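Below is one structure, written out as C-alpha cells; the observations come after it.
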Amino acid sequence: LKVRQMNVDDNASYSDLKQYLDDLEESHNVHMHRLFYLSVPPDASGNIIEKLGENGLHTGCAHGVAQSRLLAEKPFGHTYEAAQDLIANIAKYFKED
C-alpha cells in the first residue's frame, strides 16, 4: 500500500481512490473491507461523506463481498442540529450495523 494524497473537494480524487482500491483487490485476488476514518473538522465531514457516496466508495469491494465502513472522530458537529444533519448525511450512504 502507498500513501495517497487527495483533494477532498475534487470528485476525481475519490474516483481515483475507488479505482486504486478496486485494482489493488484485483491484483492480489482479495476482497478488502474498507474503513474510512474521518479525523477532520465537523464542517468538512459532510462534504467528504457526500463525495464518498457519490463515487461509490460506500458500497464495499468491487465484488460485493466486503463492506465499507465509516468512522467519524469527534467533535460530531458544533450543535445538536448540526450533529443530526451529519447523522442524516451518513445514513444516506452507510448503515449503522
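Using the Karplus curve 6.51 cos²θ - 1.76 cosθ + 1.60 with θ = phi - 60°, what ³J(HN,Hα) values do you get for each residue of the range 62-78, in whole Hz, with x for Gly and Pro?
4, 9, x, 9, 8, 9, 9, 10, 10, 10, 10, 7, 5, x, 10, x, 8
Rg and Dmax of the chain, using alpha carbons, in Å: what are they?
In order Rg, Dmax, the Cα atoms of the chain give 13.8, 45 Å.
Non-local amide H neighbours of A72 (under 5 Å, H modeled in plane, Pro and chain starts lacking H): which ones?
Here the answer is L38, since their amide H atoms fall under 5 Å of that of A72.
Karplus couplings for the range 11-19 from phi (6.51 cos²θ - 1.76 cosθ + 1.60, θ = phi - 60°), rounded to Hz, Gly and Pro as x?
Taking θ as phi minus 60°, the curve returns 4, 4, 4, 6, 4, 4, 5, 4, 4 Hz for the range 11-19.
What's the longest bit of the chain with no exposed trypsin sites (Lys or Arg not before Pro), using DSSP loop states and at most 11 other Cβ atoms within 10 Å as the test?
Answer from the scan: 5-91.
Note down the nm distance, to one decimal, between modelled labels 7 Å out along Cα→Cβ at D9 and at A91.
Here the answer is 3.0 nm between the modelled labels.
What residue among H28, H58, H78 has the largest mean-square fluctuation in a Gaussian network model of the chain, using Cα springs under 10 Å?
In the Gaussian network model the winner is H28.
Which of the aspartates and glutamates could be linked to K51 by a straight reach, that is with a Cα gap under 13 Å, when you skip same-chain ones fewer than 8 residues away?
D9, D10, D16
Readers should treat all values here as calculations from the given coordinates under stated rules, not as data from a laboratory. Please read these numbers as outputs of a predicted model, since none were measured by experiment. Note that we place each Cβ from the backbone using ideal geometry, even for glycine, and neighbour counts take in every protein chain shown.
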